[in-house]
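The values are calculated or read from the model by the stated rules, or taken from the named source; none is laboratory data. Just so we're clear, the structure is a prediction, and the values are computed from it rather than from any experiment. All Cβ positions, glycine included, derive from the backbone under ideal geometry; neighbour counts span all protein chains shown.
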């Protein structure tokens, strides 16, 4: 734990210039600065995180390696695993892009426009968050299942998976972009207009860069959620080998008593989502740290 | 020349501008001066095209621009809170308008450097706005507005967010800049000292109307209304009339038009001495004199004196 001392020092004035290295006593004392956390608090936080997050992750990692690295590789590179992984990542990526665009548009309308029923629309956005995902699946089954009232039977197609994922990941971009949009500097937009920029240029050059960190983090969360989604997909995907997402593949392996294959796919999903979140975080951090 | 004619603007029930007409001559630096809510910022934004008037006409250089978007008015606008493009470097901020106009890269680069030289930010090209002080950000905003060679420069309380010392430096600097660049400039401020210091013409606004337009000295010496008189400097009421405290003359003996008063308190403010008085009707007023005059009269609290106005006052 090399961080707590410096963190406590920086706590009062933000990440300013570091103190001269000749003040070890002052450093130890300043750990008790207002708003700082004592060693006990830090210990409890670390222990809790380990128990709840790291320990299960370690367990799944161990069971995925039961057959050694070669066994892991065989499990992940088998044609059904590859098919499920490819389908999951492709649909998730497309869904993320669509929701990044539509989510930004919805947030824009909610922040900048006044219309009747705005409060209802605003509340509606959170519905996919609040709804149990299996209920979402039943709702979609009613809409695009065999008895579709609009004559659109999409069950067991990629479209069904895409629509289910669009539904459950809608709130992420809206809710991460909305607060930033509320705080946007309207003067900057007007300044750009006075300098001759068209509305499209103002959006592209002034608004979008300001939204980018929130947009990227919202999209990252949506993607991570889509990659791991199970409940909303389970009823509409048909669960045929050709149309199986990674989470269904995992459930399938468990049911057919292949825990190592299930664990290997789980670790792969974990690594992918972790890598995506990490990259997005770095990108977003670079942008925000520059703007102060 | 900028001409506004018969401008009305409402925000809901609030009548922000009431039949405002003003002409701003080419090359002048005009201040719109007034308390908050007087409509000065609204008038500036109407001139810029950032607000549309409910009635009236705005003309810039003889062209009716009332229905024209801000993009087409040839203006530069500077905001109180800088409105910096936070994700762009100083260079990109200043170059913004030139890039929109698709000028050649080499021309943009040299123009940006030249402007940053003028505003005293040479060498800051690569910085981000968050790495600049408030005064530096505002000078960057000025360079950005000047880059597109606007016909009119509009400044909305440009020094309002800065502390007193920086504000004073910056307004002297703005005056020098205007003497160099000569672009027609309108400055909105609620600070009469700032307006007197910087502007060659002042329009005093109150409750959505223009009360008086003129040179700073004319407004101070010959205010048209009681509002202008009291907004441009301290006042005292003598015999039901508004006068400047430094126009009050104290004497030991009675004189023509002089009113008997009692000295309540004598305050020494360096070179000046403020004498707080109470007249026969028990109303308070202050006179401002020099140290020498105060010493000659040997003023002290409790003393009975006579006071008269040296110059004709504005009827209250």
Notebook entry, point to check: If you go through segment B:55-72 one residue at a time, how many are touching a residue at least 24 places away in the same chain (Cβ under 8 Å) and touching a helix residue (DSSP H, G or I) at 6+ places or on another chain (Cβ under 7 Å)?
Noted result: 1
Checklist line | Selection within segment B:48-79 - more than 13 Å from chain A (Cβ to nearest Cβ) and on the phi > 0 side of the Ramachandran plot | finding: B:56, B:61, B:62
Next item on the list: Output yes when any residue across segment A:109-123 is modelled with pLDDT of 90 or more and closer than 30 Å to residue A:252 by Cβ, and no when none is.
Entry: no
Check: Would you say residue B:30 is away from every other protein chain (no Cβ under 11 Å) and part of a loop (DSSP other than H, G, I, E, B)?
Finding: no
Margin query: Just checking: which of the strands (runs of 3 or more DSSP E) contained wholly in segment B:173-250 hold 1 or more residues that are in contact (Cβ under 8 Å) with a residue 40 or more places away in the chain and under 20 Å from residue B:1 (Cβ atoms)?
Written below: B:184-189, B:201-206, B:209-214
Next item on the list: Answer yes or no: is there a residue in segment B:80-90 that is within 12 Å of chain A (Cβ to nearest Cβ), touching a residue at least 60 places away in the same chain (Cβ under 8 Å), closer than 23 Å to residue B:182 by Cα and within 21 Å of the chain's Cα centre (by Cα).
Entry: yes
Check: Quick one: how many residues across segment B:102-148 are within 12 Å of chain A (Cβ to nearest Cβ), closer than 22 Å to residue A:198 by Cα and surrounded by fewer than 13 Cβ atoms within 10 Å (Cβ to Cβ)?
Finding: 1
Item checked: Set A:225, A:253, A:204: member being under 30 Å from residue B:51 (Cα atoms) and either out of contact with any strand residue (DSSP E or B) (no Cβ under 6 Å at 6 or more places or on another chain) or within 14 Å of another protein chain (Cβ to nearest Cβ) (or both) -> A:204
